[in-house]
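A quick write-up on the structure given underneath.
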Amino acid sequence: MSSINVKLLEHKIDADSLAALPRTPGVYIFKGEGTLPLYIGKSVDIRTRVLSHLRTPDEASMIAQTRRIDFIETAGEIGALLLESRMIKEQTPLFNQRLRRIRTLCSIRLNQTNAGALPEVVDSKQVNLGSTPELYGLYSSSHAAKAKLKELAQQHMLCLALLGLEKTSTRGCFGLQIKTCLGACVGREDRRTHDQRLFSALVDSQVEVWPFDGPIDLIEQAGEWVQRHRVNNWCYLGTQCSKSSHPSQINAYKQHDFDLDSYKILVKPIMLKTVKVEEVEP
């Protein structure tokens, strides 16, 4: 008897549900005695990934509570990622700690004043993330955004006073005293030089503006199977599947605000144009 079968017997997972797992992309769901899932995951190879869970001692508690494993196949990896994120937010499984819905997101905006660039922490109630240009970074709170600014100040010898994180004084900021500021606060460094260094520190985290006039369908295909994932302003709206008996599943989801997890999943393939997209007719 193989070690995998020994584990199945020990942990009482339905053997038929395990045997049915495909080696294709999609989402898998660990289920216990109750109706709510214990854990939701995704993989480009569902069977291999699930079996890896069964070999992981750190997941023994979850496996001990599991009675069966269900799955939903997708035509590609992006569909699996989007579906996993959606299901975790809706069902909040016990053993999923990431991909929970964040109600309010924050970002950093550079305001140009007569004195120079002044960073401001804004949240998703103040600005429309995804359609507002020149925002930098996405954070779960104002505190997290300010902590990032402090980190960048230390790394790039920026002035905390000019970043709005410390009160100014005629003697300069505290960083000047401990030599972590080059002195822009007291005129020892040109303010424009300081601000350019600030911009250079932020530019890699710039939030991409949605590059279309409206919603798009991102298309994935496996053989004759086609899935069209509807997305607007970096928010996943739903999927139309050629295998479904329903003509459209896209309208099953209501329009939500900018979604951080969908943005992380979609921004690279869309901006690099490594996926097929079609703009939706108004």
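Restricting the first residue to the range 258-273 and requiring it to be in contact (Cβ under 8 Å) with a residue 12 or more places away in the chain and more than 16 Å from SER107 (Cα to Cα), which pairs with a second residue that is among the acidic types (Asp, Glu) and in a helix (DSSP H, G or I) meet a Cβ separation below 6 Å and a spacing of at least six or different chains?
none
Can you tell me which residues in the range 150-178 are among the aliphatic types (A, V, I, L, M), part of a loop (DSSP other than H, G, I, E, B) and farther than 17 Å from ARG192 by Cβ?
LEU160, LEU165, ILE178
Checking ASP70 against (1) assigned to a loop (DSSP other than H, G, I, E, B); (2) modelled with pLDDT of 95 or more; (3) surrounded by fewer than 21 Cβ atoms within 10 Å (Cβ to Cβ), which test does it fail?
All conditions are met except number (1).
List the pairs whose first member sits in the range 100-115 and is under 15 Å from GLY137 (Cα atoms), whose second member is modelled with pLDDT under 90 and exposed (fewer than 10 other Cβ atoms within 10 Å of the Cβ), and whose Cβ atoms are under 6 Å apart, counting only residues at least 6 apart or on separate chains?
Within 6 Å, no pair qualifies.
With the condition kept exactly as written, say whether any residue in the range 253-265 is out of contact with any Gly (no Cβ under 8 Å at 6 or more places or on another chain), under 30 Å from LEU149 (Cβ atoms), polar (S, T, N, Q) and modelled with pLDDT of 90 or more.
Yes.
Restrict the check to the range 202-213 and report whether at least one residue is in a helix (DSSP H, G or I) and either more than 18 Å from LEU118 (Cα to Cα) or free of Cβ contacts under 8 Å to residues at least 60 places away in the same chain (or both).
yes
If a residue must be surrounded by fewer than 19 Cβ atoms within 10 Å (Cβ to Cβ) and either among the β-branched types (Val, Ile, Thr) or at pLDDT below 90 (or both), how many such residues does the range 100-113 contain?
Selection size over the range 100-113: 6.
Take ILE40 and tell me if it is surrounded by fewer than 21 Cβ atoms within 10 Å (Cβ to Cβ), over 15 Å from the mean Cα position of the chain (by Cα) and assigned to a strand (DSSP E or B).
Answer is no for this residue.
Can you confirm whether GLU59 is charged (D, E, K, R), surrounded by fewer than 16 Cβ atoms within 10 Å (Cβ to Cβ) and either within 30 Å of CYS185 (Cβ to Cβ) or over 19 Å from the mean Cα position of the chain (by Cα) (or both)?
Here the answer is no, as GLU59 does not meet what is asked.
Of the numbered conditions (1) surrounded by 17 or more Cβ atoms within 10 Å (Cβ to Cβ); (2) under 27 Å from ASP123 (Cα atoms); (3) touching a Ser or Thr at 6+ places or on another chain (Cβ under 9 Å), ALA184 satisfies every one except a single condition; which is it?
(2)
Among the residues that make up the range 2-20, is at least one of them surrounded by fewer than 19 Cβ atoms within 10 Å (Cβ to Cβ), modelled with pLDDT under 90 and of a type in the set (Ser, Thr, Tyr)?
yes
Being surrounded by fewer than 16 Cβ atoms within 10 Å (Cβ to Cβ) and either modelled with pLDDT under 95 or not assigned by TED's automatic domain parsing to the domain that holds LEU260 (or both) is true for just one of GLU166, GLU120. Which residue is that?
GLU120
Output the number of residues of the range 131-145 satisfying the condition of being out of contact with any helix residue (DSSP H, G or I) (no Cβ under 7 Å at 6 or more places or on another chain) and either surrounded by fewer than 20 Cβ atoms within 10 Å (Cβ to Cβ) or over 23 Å from ARG191 (Cα atoms) (or both).
9
Being more than 30 Å from LEU138 (Cα to Cα), under 31 Å from the mean Cα position of the chain (by Cα) and surrounded by 13 or more Cβ atoms within 10 Å (Cβ to Cβ) narrows it down to one residue among CYS235, CYS241; which is it?
Result: CYS241 is the single residue among CYS235, CYS241 that is more than 30 Å from LEU138 (Cα to Cα), under 31 Å from the mean Cα position of the chain (by Cα) and surrounded by 13 or more Cβ atoms within 10 Å (Cβ to Cβ).
The values are calculated or read from the model by the stated rules, or taken from the named source; none is laboratory data. A quick note: this is a predicted structure, and the numbers were derived from the prediction, not measured. Using ideal geometry, Cβ is built from the backbone for each residue, glycine included, and neighbour counts are taken over all protein chains shown.
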